[in-house]
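Written out below as structure tokens is the structure these notes cover.
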Amino acid sequence: MTFRLKTLYRFMLSSFVPLFVMTFFICLFIVLMQFLWRYIDDLVGKGLGIDVIGELFFYAALSMVPMALPLAILLAALMTFGNLGERFELTAMKASGVSLIKSMSPLTVLIVAIAIGAFFFQNNVLPVAQTKMWTLLFSVRQKSPELEIPEGVFYDQIPGYNLFVQSKDRDNGTLYDMMIYDFSKGFDNAGIILADSGTLAMTEDKKYLVLDLYSGESFDNLKEAATASANVPYRRETFDDKKIYLKFDANFNRMGEEGMRNQYVGKNIAELKHTIDSVNLRVDSVGTSYANLVAGKNYLNVSPYSFSVGDSGRSVRSIRTVSMKSPMNVDSIFHGLSSAYELNYLDRALSSLRRQRQDYEFKGLTLADDRKTIIRHGIEMHKKFTLSIACLVFFFIGAPLGAIIRKGGLGMPLVISVFLFIVYYIIDNTGNKMARDARIAVWEGMWVSTAILLPLGIFVTYKAVNDSAVFNKDAYLNFFKKLLGRNQVRHVELKEVIMDEVEDSRAVELLDSLDKSAESLLAAIPKSPGYISYWLKGCPTDLLRGLSRQEEDMVEYLSNSRDKLVINKLMDLPVLRNLWLYRPAPERRLGWLGVIVIPVGLPLYLIGRHSIAYLRKEIESIIKVDAELKNLITKK
């Protein structure tokens, strides 16, 4: 039986996989360039072979996969579903009964497989790659730079020597007017060599420099041979041709990987957990011993324990209880002494406290390194899991966002991806640093970025599945207008068939009643409510609800009018809404709470005051429109 993928699944995979591969290598190249700019000073001028640089970049690329993989998944998902939305292919799928979740299902399976592979990569491959990368990088840092003697300045890159060259012939390499300071035996035994010219060469094993000097003098300090006299002898030598061998290892010596392998970056989950358990055991044992020392310390020359012989003949230790026959007034005894004794006792007490504090601080410092080791290993162990979860979270952010914005290519998806990844990177680094500094627990610091972005992924997935408008600015404007009660506009249309005719007397009666209710409510609403009055009283919402019902009844009755002018004038009546900003605290206790909590109460008061002022304008508008309606009805 052969297994064949559905056409839809093959189509989704063929749309996503090439984009994912492309974006992954682009993101990997970008983070690799970041690595290059960071360590460019350690690589330039060392004369490294292309094999060493290539090996370093290979291991660096493997170490940068955890940073490039989530960004690549986010960007590829945005581009894939953005392209499908832009070409109306998602619309065709939905019209055919294929939901967004079903179209995402093959890619979800793929991302889950990638997340599982990322976990094994973090646990098995990354420790080896990081061990080799850091070992190679430290080896490169230890390599001596390429020898390039400048003109007119002192060159100090040869260990133990300072070399000055006035000029040089670039054709044959001859150096002119040379001055060499020899500090290889220490500054107290320095030597100086002057030469008219010379040449510089390297031995075949690249471990020594050979200076062939012509027509010069050398001065050596013989302080080691000096006697007890103040005069220090020196030796002067004149030469026509002299060769000097300077120790200068120009070879590339690779360091061993054992030291880096024992660090937290070179361990898998089992090794990290073993180290954490062993260090925790050591910290607990040392802490217990320190606690026993503190508990067994003699105070006032009285031991806290008493020993007795038990039934078995063994010594039994028990806590000693010390009691006094009568209370002792220590202050009176202390002040009854002479001032010299008082100062002596105070100095002795302060000295004893300082010694105890220094002892406790030293014991605390001995445990600080172990705690730091536990934290570092804990952070590295949590990183093995955060990458896999980040891949899933970024996919469920990128795919729904692409379906919502419906923009393909590298324009809008790239901007959104970079923005979201920067937010994720900042949050992740902040949590990492806080965990590393022991300000929060390790698991809190390592999972805070996932905890913040996971609700975003759930939100955009829900919005995309329900075809909700996320990036429609009109929807947000309408929401805030609705929150402030300014979004609704009354619509009244002239009816073609009218069942109940409008009686003018009844209409005028309803308008008069509405005017009285509006005027009574307007009198009950303060023009400029104070801060305390707003929170304790607010607006009389019961009167507002009554006026709103009365207005709607009047509009419903007059909507049966055959006069088009009356119908048009009804649309000028505002729609009254009972907003919570009119009276945010229905109970007096909540009102006093709002008064006390000024950081929350003051902004709400300013918004509510503005809303109440707008409500007064609406009520005044009702009274004005009522008068115009009555004029229209009576004139008719």
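In table form, for the structure just shown:
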{"item": "Top-ranked residue in the stretch 590-636 [being among the basic types (K, R) and without any contact (Cβ under 8 Å) to a residue 24 or more places away in the chain; ranked as nearest to M571 (Cα to Cα)]", "result": "K624"}
{"item": "Residue match in the stretch 424-433 (condition: under 18 Å from C391 (Cβ atoms), aliphatic (A, V, I, L, M) and part of a helix (DSSP H, G or I))", "result": "yes"}
{"item": "Candidate set: the stretch 173-187, residues that are closer than 17 Å to L209 by Cα and part of a loop (DSSP other than H, G, I, E, B); chosen: the one modelled with the highest pLDDT", "result": "T174"}
{"item": "Some residue of the stretch 249-264 being modelled with pLDDT of 75 or more, farther than 30 Å from F138 by Cβ and in contact with an Asp or Glu (Cβ under 9 Å, 6 or more places away or on another chain)", "result": "no"}
{"item": "Qualifying residue in the stretch 134-157 (condition: over 30 Å from S15 (Cβ atoms), touching a Leu at 6+ places or on another chain (Cβ under 6 Å), assigned to a helix (DSSP H, G or I) and at pLDDT below 85)", "result": "yes"}
{"item": "Pairs, first free of Cβ contacts under 8 Å to residues at least 12 places away in the same chain in the stretch 518-539, second assigned to a loop (DSSP other than H, G, I, E, B), C-beta under 8 Å, six or more apart", "result": "S533/P526"}
{"item": "Yes/no for G594 being small (G, A, S), at pLDDT below 80, in a helix (DSSP H, G or I) and surrounded by 15 or more Cβ atoms within 10 Å (Cβ to Cβ)", "result": "yes"}
{"item": "Some residue of the stretch 394-405 being at pLDDT 80 or above, small (G, A, S) and open to solvent by 30 Å² or more (accessible area, probe 1.4 Å)", "result": "no"}
{"item": "Identity of the residue in the stretch 160-172, out of contact with any Ser or Thr (no Cβ under 6 Å at 6 or more places or on another chain) and outside any strand (DSSP E or B), that ends up most open to solvent (accessible area, probe 1.4 Å)", "result": "R170"}
{"item": "Residue within the stretch 598-609 that is farther than 18 Å from S533 by Cα, at pLDDT 80 or above and out of contact with any strand residue (DSSP E or B) (no Cβ under 7 Å at 6 or more places or on another chain) present", "result": "no"}
{"item": "The stretch 82-103 - residue that is open to solvent by less than 10 Å² (accessible area, probe 1.4 Å) and of a type in the set (G, A, S) and, of those, farthest from W37 (Cα to Cα)", "result": "S103"}
{"item": "Candidates F385, F396, filtered to the one that is aromatic (F, W, Y) and over 18 Å from the mean Cα position of the chain (by Cα)", "result": "F396"}
{"item": "For A92: the one exception among (1) among the aliphatic types (A, V, I, L, M); (2) in contact with a helix residue (DSSP H, G or I) (Cβ under 7 Å, 6 or more places away or on another chain); (3) at pLDDT 80 or above; (4) farther than 22 Å from F138 by Cα", "result": "(2)"}
{"item": "Selection status of D241, more than 22 Å from V153 (Cβ to Cβ), at pLDDT 80 or above and open to solvent by 80 Å² or more (accessible area, probe 1.4 Å)", "result": "yes"}
{"item": "Unique residue being open to solvent by 90 Å² or more (accessible area, probe 1.4 Å) and at pLDDT 80 or above when the list is R317, R348", "result": "R348"}
{"item": "Any hit, the stretch 70-81, residues being closer than 19 Å to I26 by Cα, surrounded by fewer than 19 Cβ atoms within 10 Å (Cβ to Cβ) and either among the charged types (D, E, K, R) or under 24 Å from the mean Cα position of the chain (by Cα) (or both)", "result": "no"}
{"item": "Cβ pairs under 9 Å, 6+ apart, first in the stretch 356-377 and in a helix (DSSP H, G or I), second of a type in the set (K, R) and open to solvent by less than 60 Å² (accessible area, probe 1.4 Å)", "result": "H377/K267"}
{"item": "Only one of V625, V575 that is of a type outside the set (D, E) and assigned to a helix (DSSP H, G or I)", "result": "V625"}
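The values are calculated or read from the model by the stated rules, or taken from the named source; none is laboratory data. None of the values given here were measured: they were computed from a predicted structure. Because the Cβ atoms are built from the backbone with ideal geometry, glycine has one as well, and the counts that use them run over all protein chains shown. The protein model used for the area step is the full one, side chains on, heavy atoms only, and it has no ligands, DNA or RNA in it. Shrake-Rupley method; radii C 1.70, N 1.55, O 1.52, S 1.80 Å.
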